[in-house]
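Every read-out reported here was derived from the displayed coordinates using simple, explicitly stated rules and does not represent laboratory data. Keep in mind it's a predicted model, so treat the numbers as computed, not measured. Cβ: placed from backbone, ideal geometry, glycine included. Neighbour counts: every protein chain shown.
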Amino acid sequence: MRYVSLALICAAMVCPAAGADKPADWGSMQYLVGDWTGEGGGDPGQGSGSFSFHPDLQGRILVRKNRSEYPATKERAALVHDDLMVVYRDTPESPLRAIYFDNEGHTIRYDVQSPPDGGEIVFVSGPEPSAPRFRLTYTRVDQERMKIKFEIAPPGHPEQFAAYLEASAHRAAK
């Protein structure tokens, strides 16, 4: 029995699942792939940071890692914000989705709107009556620069988005 189990494990490792060698087509989101440096401001204050979008799991997902730093002010101590977002499809034909986690304990589930021209990529959370709604927008300026806006709509008013953070970013030097 032990040999049968070992043979099944080895076969699973050697024979990939059907279609596993074909990475997802990121289409207009391909522009985001790479390392970025940004700066901007909003409710947390003026800050700087860096983020990256990199394919993982043989191209099946895009992983964004972000780190933002805000210096101390008269009102508060210095602040560091780290987050992780995974962009994925439930099936190859499904629309893009994303799930976000940060060091403050937030988890946000997004639907992703990525038009073919890739000029503006929008992550928007679904409306929930007793929770805020979130929208994160990446607007391409050119191949090396983008603008970023993170907006929040208050509970009960899912379309009344107000800017929380606005930033600009450029590709990091290699």
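Between Arg97 and Leu57, full extension at 0.36 nm per residue minus the direct alpha carbon distance yields a gain of 12.8 nm.
Summarised as an ellipsoid, region 32-97 has semi-axes of 31, 11, 9 Å, derived from the eigenvalues of the Cα gyration tensor scaled by 5 and square-rooted, with the largest first. Potential lengthening of the chain between Ser50 and Val86 amounts to 11.3 nm, from the contour at 0.36 nm per residue minus the alpha-carbon distance.
Calculated on the alpha-carbon coordinates, the convex hull of region 18-172 measures out at 124 cubic angstrom per residue. Model label points for Ala77 and Asp117, set 7 angstrom from Cα along the Cα-to-Cβ axis, are 4.7 nm apart.
Pairs from the list Lys149/Lys174; Lys74/Lys147; Lys65/Lys149 with a Cα-Cα gap above 23 Å: Lys149/Lys174; Lys74/Lys147.
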